[in-house]
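Participant: This is the structure I want to talk about, given as structure tokens.
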Amino acid sequence: SELIRGFLLSGMPCPSSCPPGLLALMAPGLALMATFSLPSQAGDRRALPVEKPQGVKGRTLILLDVNTKSPVRIISENFLSLQLDPSIIHDGWLDFLRCWPLTLALGQWLLHMGPHLPWFGFWKSSIPFRKQTCLAISLFSFPFAVDIVRSDIALDKQKGCKIAQHPDIMLELQREKAAQMHLVLLKEQFSNTYSNLTLTARSLDKLYNFADCSGLHLIFALNALRRNPNNSWNSSNALSLLKYSASKKYNISWELGNEPNNYRTLIGRSVNGSQLGKDYTQLRSLLQLIRTYSRAHLYGPNIGRPRKNVVAFLEGFMKVAGGTVDAVTWQHYYIDGRVAKVTDFLKTRLLDTLSDQIRKIQKVVNTYTPGKKIWLEGVGMTSAGGMNNLSDSYAAGFLWLNTLGLLASQGIDVVVRHSFLDHGHNHLVDQNFNPLPDYWLSLLYKRLIGPKVLAIHVAGLQRKPRPGRVIRDKLRIYAHCTSYHNHNYVRGSITLYIINLHRSRKKIKLAGTLRDKIVHQYLLQPYGKDGLHSKSVQLNGQPLAMVDDGTLPELKPRPLRAGRTLVIPPLTMSFYVVKNVNALACRYR
């Protein structure tokens, strides 16, 4: 039997006062992932200290054990976080922001407004939003982005917040308006010509009130494209916004710009890493001058995929401002949504591309500021807004779950998923406020997974690789301590989650400390005739859907008797809570 490489993952806690859907996704947790790249000769095999059960063929059985003594990594309580697309200001959804049950169920999280579409935002404190009032500067760099992180201190304020209700006719008119704006935004994307945007005091108030009533913390990215003749950042507009938000005593953290490495491509004017580092230093000085924000957190530079020129950009930034930011941020999108196919989501080579990017970012960060936290602050399964019946389908979940595993196992502190609600097809919730497959996947993750990642040991017979060819694993296994916020399981329990990309079922026998324990199964499969293209899922054979506008269904596990072999159906994702393991690593927070 061959030893497999293990990876781990984590999630976030979910406060009871948040809307059901959002609070559930926020629970803390830990996970492990195993990637099989196996030696081919019998002499290379190292057997686990477990007996092979009788009556089970070796070629179909995988033995799995977990190191329960200590975690290999502990990730942030806010590990799994979400974005709101800035198009909500364009298309009117901002007026419908409220403490949705779906958002509150996700619990502790970070909500990032942007950065999906390139646009320029300008701050006006006294005028209503009109498109023609926007100042004329070119494209890209989100003038502002909003990240919202769960704040336990703010929970008591929720007692005074009411969930807004809108007549059905208003929602129908809004959907029609949003559909028209969606076409406009797609046209802008394909033509690389973007309209401007003004953020008014009224819009900022709505965003902050949404965050405050939901018990969340707001992170706001300022417009980096206002430049002086010497190409330094013009901070006058940002200072006005800072003073306004300070006068309202808004508790906000800050960023500056978005994907600065793309400015020349999109607007014909570049800003190098060293200059952006100086701009961040300038912003930090501004914050220190305002008492409300003298200790505010600052994040950046939110670069794009770390190709050679982008790595050089990050190096220039870190030399100047590495000590200025509280976390280093970057973005990743797997495939072009305009050309994606369902088979793309099943390719192990694509699933593994993120790992190399993580190593590139970590190498630069650890060279200049060892130990600095790193966030993947924008991740989507597809770019260009995604594709209907694909990036919002069951198939996209394979990439999403694998992303969580790789990031946690390699030490990324926070991941921000694009998007909770937007104009495209990468979102978790559609414009009828119906949860999509990745929402249910995220909800289960938040409820079952804690922040402590555990090492796993996997052994099983695999086919012999051809000379010079690497076998990329299609069975990926993660292990975490079960979320402390889930009171259905005592501390010391362990949660596994498994991605099976094989077109055949796989059998897993729990060994060592996991042997002969009762297991609760949460098996997610597509629901309906659309298969992998389906926008609906079933949990243990039961379709998942909202009970009503304010009530999520109960996520019932299927109990498995102690010692039973786990049978993983083909092309599925599943969670398994191993009860009462009394794992030393999981007894205490």
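The values are calculated or read from the model by the stated rules, or taken from the named source; none is laboratory data. Because the structure is predicted, anything quoted here is derived from the model rather than measured. Here Cβ is always computed from backbone atoms with ideal geometry, including for glycine, and neighbour counts include all displayed protein chains. All accessible areas refer to the heavy atoms of the entire protein, side chains included, with ligands and DNA or RNA removed. Shrake-Rupley method; radii C 1.70, N 1.55, O 1.52, S 1.80 Å.
Participant: Given the criteria over 23 Å from Tyr588 (Cα atoms), crowded, with 24+ Cβ neighbours inside 10 Å and not small (Gly, Ala, Ser), does Val415 qualify? Don't jump to the end; show me each part of the working.
Facilitator: Numbers: over 23 Å from Tyr588 (Cα atoms): yes; crowded, with 24+ Cβ neighbours inside 10 Å: yes; not small (Gly, Ala, Ser): yes.
It is true that Val415 is over 23 Å from Tyr588 (Cα atoms), crowded, with 24+ Cβ neighbours inside 10 Å and not small (Gly, Ala, Ser).
Participant: What residue, of Tyr263, Tyr280, is buried (at least 20 other Cβ atoms within 10 Å of the Cβ) and out of contact with any helix residue (DSSP H, G or I) (no Cβ under 7 Å at 6 or more places or on another chain)?
Facilitator: Tyr263
Participant: So Ala178 passes all but one of these: (1) modelled with pLDDT of 60 or more; (2) in contact with a Lys or Arg (Cβ under 8 Å, 6 or more places away or on another chain). Which condition number does it fail?
Facilitator: With (1) modelled with pLDDT of 60 or more; (2) in contact with a Lys or Arg (Cβ under 8 Å, 6 or more places away or on another chain) applied to Ala178, the lone miss is (2).
Participant: Going by the conditions given, is Ala327 open to solvent by less than 20 Å² (accessible area, probe 1.4 Å), under 22 Å from Ser236 (Cβ atoms), modelled with pLDDT of 95 or more and of a type in the set (A, V, I, L, M, F, W, C)?
Facilitator: Values: open to solvent by less than 20 Å² (accessible area, probe 1.4 Å): yes; under 22 Å from Ser236 (Cβ atoms): no; modelled with pLDDT of 95 or more: yes; of a type in the set (A, V, I, L, M, F, W, C): yes.
Taking the combined requirement at face value, the residue does not satisfy it.
Participant: Can I ask one more? Out of all the residues in region 218-244, which are out of contact with any strand residue (DSSP E or B) (no Cβ under 6 Å at 6 or more places or on another chain), farther than 28 Å from Asn309 by Cβ and buried (at least 21 other Cβ atoms within 10 Å of the Cβ)?
Facilitator: Passing the criteria: only Leu242.
Participant: Where residues in region 190-233 are of a type in the set (Phe, Trp, Tyr) and under 27 Å from Gly273 (Cα atoms), which of them is modelled with the highest pLDDT? Even if it seems obvious, please write down each step before you answer.
Facilitator: First pass over region 190-233, keeping only residues of a type in the set (Phe, Trp, Tyr): 190, 194, 208, 210, 220, 233.
From what's left, under 27 Å from Gly273 (Cα atoms): 194, 220, 233.
On the way: Tyr194: 57, Phe220: 85, Trp233: 94.
For region 190-233, the residue satisfying everything is Trp233.
Participant: If I go through region 247-259 residue by residue, how many of them are buried (at least 17 other Cβ atoms within 10 Å of the Cβ) and either more than 29 Å from the chain's Cα centre (by Cα) or more than 27 Å from Leu216 (Cα to Cα) (or both)?
Facilitator: 0
Participant: Consider Gln542 carefully, then state whether it is closer than 18 Å to Ala396 by Cβ, open to solvent by 30 Å² or more (accessible area, probe 1.4 Å) and in contact (Cβ under 8 Å) with a residue 12 or more places away in the chain.
Facilitator: On the way: closer than 18 Å to Ala396 by Cβ: no; open to solvent by 30 Å² or more (accessible area, probe 1.4 Å): yes; in contact (Cβ under 8 Å) with a residue 12 or more places away in the chain: yes.
Judged against the criteria, Gln542 is not a match.
Participant: Can you tell me which residue among Leu283, Leu354, Leu350 is in a helix (DSSP H, G or I), farther than 18 Å from Ala396 by Cα and of a type in the set (A, V, I, L, M)?
Facilitator: Leu283
Conditions tested, residue by residue: (1) modelled with pLDDT of 95 or more; (2) open to solvent by less than 50 Å² (accessible area, probe 1.4 Å); (3) closer than 19 Å to Leu428 by Cα.
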residue: Gly512; (1), (2), (3): no, yes, no
residue: His520; (1), (2), (3): yes, yes, no
residue: Pro526; (1), (2), (3): yes, yes, yes
residue: His533; (1), (2), (3): no, no, yes
residue: Val537; (1), (2), (3): yes, yes, yes
residue: Lys556; (1), (2), (3): yes, no, no
residue: Pro570; (1), (2), (3): yes, no, no
residue: Ser574; (1), (2), (3): yes, yes, yes
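Participant: Further question: Could you go through region 421-443 and let me know if any residue there is within 17 Å of the chain's Cα centre (by Cα), in a strand (DSSP E or B) and modelled with pLDDT of 75 or more.
Facilitator: yes
Participant: Read through the list (1) touching a helix residue (DSSP H, G or I) at 6+ places or on another chain (Cβ under 7 Å); (2) more than 19 Å from Val453 (Cα to Cα), then give the number of the only condition that Ser483 fails.
Facilitator: Here Ser483 clears every test but (2).
Participant: Looking at (1) modelled with pLDDT of 50 or more; (2) farther than 27 Å from Asn580 by Cα; (3) open to solvent by 50 Å² or more (accessible area, probe 1.4 Å), which one does Asn67 not meet, given that it meets all the others?
Facilitator: Of (1) modelled with pLDDT of 50 or more; (2) farther than 27 Å from Asn580 by Cα; (3) open to solvent by 50 Å² or more (accessible area, probe 1.4 Å), only one is false for Asn67: (2).
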